[in-house]
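First the structure, in the form of C-alpha cells, and then the observations on it.
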Amino acid sequence: NLYPNPSSDLLVLQISDINRENITVELLDESGKTVDRTTVFQGSTIAYFNTSTLYAGNYFVKLTTSQGSTSKKVVIIKE
C-alpha cells in the first residue's frame, strides 16, 4: 500500500505480507531516473520517502525482490 496518494510531504509504503527477504524500493521520476532509494529489510513492513523537496508530477515506486519487480504510480502535488 502507498499512501497518501497524491502526496505532498511524505509517502509511506506498507507491505501487507510478512517480508522474508530484503526489498529494494526506488522512487523514480517520469523519465525513469531514480530520485530516492531505500531498503525494506527482512522482517520490516514499512518504508518512507520524503517528498517535500520533489517537484509536482507523476512518479513511480518500484519494488524489487528476488522474484522480480513491480511498480506503482504516485502523484506528488504542491499547494
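Quick notes on this one:
- Residue that is farthest from Lys72 (Cα to Cα) [pool: residues in region 3-27 that are buried (at least 16 other Cβ atoms within 10 Å of the Cβ) and hydrophobic (A, V, I, L, M, F, W, C)]: Ile23
- Qualifying positions in region 58-79 - within 14 Å of Leu11 (Cα to Cα) and either in a strand (DSSP E or B) or out of contact with any Phe, Trp or Tyr (no Cβ under 8 Å at 6 or more places or on another chain) (or both): Asn58, Tyr59, Phe60, Val61, Lys62, Lys72, Lys73, Val74, Val75, Ile76, Ile77
- Residues within region 28-54 that are of a type in the set (A, V, I, L, M, F, W, C), open to solvent by less than 40 Å² (accessible area, probe 1.4 Å) and not in a strand (DSSP E or B), tallied: 1
- Residue match in region 58-77 (condition: hydrophobic (A, V, I, L, M, F, W, C), in contact (Cβ under 8 Å) with a residue 24 or more places away in the chain, more than 13 Å from Leu2 (Cβ to Cβ) and open to solvent by 60 Å² or more (accessible area, probe 1.4 Å)): yes
- Note on region 9-27: residues that are touching a strand residue (DSSP E or B) at 6+ places or on another chain (Cβ under 7 Å), of a type outside the set (D, E, K, R) and outside any strand (DSSP E or B) amount to 3.
The values are calculated or read from the model by the stated rules, or taken from the named source; none is laboratory data. This is a predicted model, so every value here is computed, not measured. Cβ atoms come from the backbone with ideal geometry, glycine included; neighbour counts cover every protein chain shown. Just the protein is used for accessible areas: all its heavy atoms, side chains included, with ligands, DNA and RNA removed. Shrake-Rupley method; radii C 1.70, N 1.55, O 1.52, S 1.80 Å.
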